[in-house]
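Only one structure is covered here, and it is reproduced in the block below.
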Amino acid sequence: MVDRLVNSEANNRRIALVESCFGASGQPLAVPGRVLVGEGVLTKLCRKKPKPRQVFLFNDILVYGNIVMSKKKYNQQHIIPLEEVQLSSLEDNGQYRNGWLIKTPTKSFAVYAATATEKTEWMAHINKCVQDLLHKSGKTAADTHAAVWVPDDAAATCQHCQRVQFNVIQRRHHCRKCGRVVCGQCSNKKILLPHQSSKPLRCCLACYDEVSAAGNATPQTDKNDLREMESGSDDDSDIDDAATSDDPNSAQPLQQTMMFYEGNNTADASLNNSSLLSGTGDAAQGSSPTAAPADASHTSSNAADPASSGQAD
Ligand SMILES: [Zn+2]
Ligand SMILES: [Zn+2]
């Protein structure tokens, strides 16, 4: 069980390493009771294109960031409380394989693993953490999730009017309620989506009409908002895209690695893939720096890289 790793030296060391890789750009991650369950590289489908992201699964949060230097430096840290997370598997579709949706009330997106086995491992471990959290807190799973944004590439024309062709003048906008790509004219209204923001958010006319019919529409906001919307300079861009679109490192081929630190977890038996799971566990390894080879044994590739083991400096 994950509980076995609480307060273990190995766990503390790994969390400290994650913190140091994010440096000043990240939040403190070491809190009592927190366990780093696993980590790896997943491809996140961002607004413009899929991008590799370093992902850390803790027993209470999912943390991901942009890879500046593999296993050494990350930035653009995002933290998602696992209590709000719901996963749903995606069918393979062309180049998009081994994917699933990570859905939360504020943001939902697709990620893709390198292999079907990694997908199974990730989903099982994330789901187990979510279930454990909900079980402990007695809460029920979130039932409202933000729409997954349709990628820009997937829409050459407005998905509402079907007429406007996107170009440098006719810019793409995303409806915050349904996630479709729509033109400016078809998204010149805002509605309140309390799970996503305390401010009214851009929506398409279809969603506006739907919400209006239910009597929940929020009137147009002030002139600044309108100007922003007209110039297309509102917060339409995903922060991931804004900060990293020209990062040359993101384009480099990455060695996909994934590892989960807990062993002897009965829930993992369902994975039917014992080669990826440690039978020894970290408790037995203690604080020995030689823990690296044992840790690396359940890395799916690149097993020899000592940097992946979370050794202290
Ligand atoms: Zn339109
Ligand atoms: Zn909509």
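Since every read-out is calculated from the coordinates, none of them should be taken as a lab result. Keep in mind the model is a prediction, meaning the values are calculated, not measured.
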Computed over segment 147-219, the relative contact order (Cα-Cα under 8 Å, seq sep at least six) in percent reads 26 percent
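Under the classification rounded if a/c is under 1.5, otherwise prolate if a/b is larger than b/c and oblate if not, where does segment 1-139 fall, given a ≥ b ≥ c as square roots of the Cα gyration tensor eigenvalues?
oblate
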Sorted by chain and number, the residues with a modelled amide H under 5 Å from that of Phe58, at a separation of 5 or more or across chains, are Val37, Val63
